[in-house]
1. Would you tally the net charge around Thr46, using a Cβ to Cβ cut-off of less than 10 Å, leaving Thr46 out, and scoring K and R as +1, D and E as -1?
2. Rounded to the nearest 500, what is the 222 nm mean residue ellipticity of the chain from helices alone, with -39500 (n - 2.57) per DSSP H run of 4+ residues and division by all residues?
3. Jot down the per residue volume, in cubic angstrom and as a whole number, of the convex hull over the alpha-carbon atoms of the stretch 1-79.
4. Take the solvent-accessible surface of the protein heavy atoms, probe 1.4 Å, and return the percent of it on the chain that carbon and sulfur atoms account for.
5. Karplus couplings for the stretch 122-139 from phi (6.51 cos²θ - 1.76 cosθ + 1.60, θ = phi - 60°), rounded to Hz, Gly and Pro as x?
6. So, for the chain, what is the accessible surface per residue at a probe of 1.4 Å, expressed in square angstrom?
7. When averaged across all projection directions, what area in nm² does the alpha-carbon convex hull of the chain cover?
8. May I ask you to evaluate 6.51 cos²θ - 1.76 cosθ + 1.60, the Karplus curve with θ = phi - 60°, for each residue of the stretch 76-88 and list the ³J(HN,Hα) values in order in whole Hz, giving x for glycine and proline?
Amino acid sequence: MTTAIYPGSFDPLTFGHVDIIERSTRLFDKVIVAILTNPQKAALFTIKERTELMHDILEPRFPNVEIDVFEGLLVDYAKQKKAQVIVRGIRAISDYEYEFQMALMNRRLAPEIETVFMTPAEHYSYLSSRLVKEIAELGGSVSGLVPELVEKRLKQRFKK
Ligand code: PNS
């Protein structure tokens, strides 16, 4: 049985993330979508809010997806979960440098864990959580970029 970890901040979950999750669920027996608890990074949604949103959106659609929260080193968490694979999405060449560095560092720390890069559908290649937050905050439409539930929560958060 192959278990993959798809780690990230998911602040908030976008259709780009959902696309990568869907592709991963076809390749691996179990996909753990792991939200990083990072006290250094100011987030729009709390860990609890992100977890709840992701449960509601992902669990009915993908039976082999588990939502979890982690802190500390990703490779330690992956070992604890007996995962063999770390999944990362790469949208453009600009993502590659950082991802390559992280994959090699993770390999040095845990050579038995393989990082697999996946590309989302091209119409999500310019999509990021950061831009979604900025657009929503400035009153623009994020329809078609994030699941409806996320869109609703963003509207509530930035209601004037
Ligand atoms: O959504 P993000 O911010 O691109 O996700 C980055 C993430 C969570 C994959 C990365 O920051 C991470 O793995 N953090 C855990 C700490 C860790 O293992 N650091 C060493 C990486 S080589």
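The values are calculated or read from the model by the stated rules, or taken from the named source; none is laboratory data. In this text the structure is predicted, and so the values were computed from the model without any measurement. Note: ideal-geometry Cβ built from the backbone for every residue, glycine included; neighbour counts use all protein chains shown. For accessibility, only protein heavy atoms count, side chains too; no ligands or nucleic acids. Shrake-Rupley method; radii C 1.70, N 1.55, O 1.52, S 1.80 Å.
1. Charge balance in the 10 Å sphere: -1.
2. Calculated mean residue ellipticity at 222 nm is -13000 deg cm²/dmol.
3. Taking only Cα atoms, the stretch 1-79 has a hull volume of 81 Å³ per residue.
4. Reported share for carbon and sulfur atoms: 53 percent.
5. 4, 6, 10, 6, 9, 8, 8, 4, 4, 5, 4, 5, 5, 4, 4, 5, 8, x
6. So the chain comes to 58 Å² accessible per residue, rounded to a whole number.
7. Result: a mean projected hull area of 9.3 nm².
8. 5, 5, 4, 5, 4, 8, 6, 8, 9, 9, 10, 9, 10
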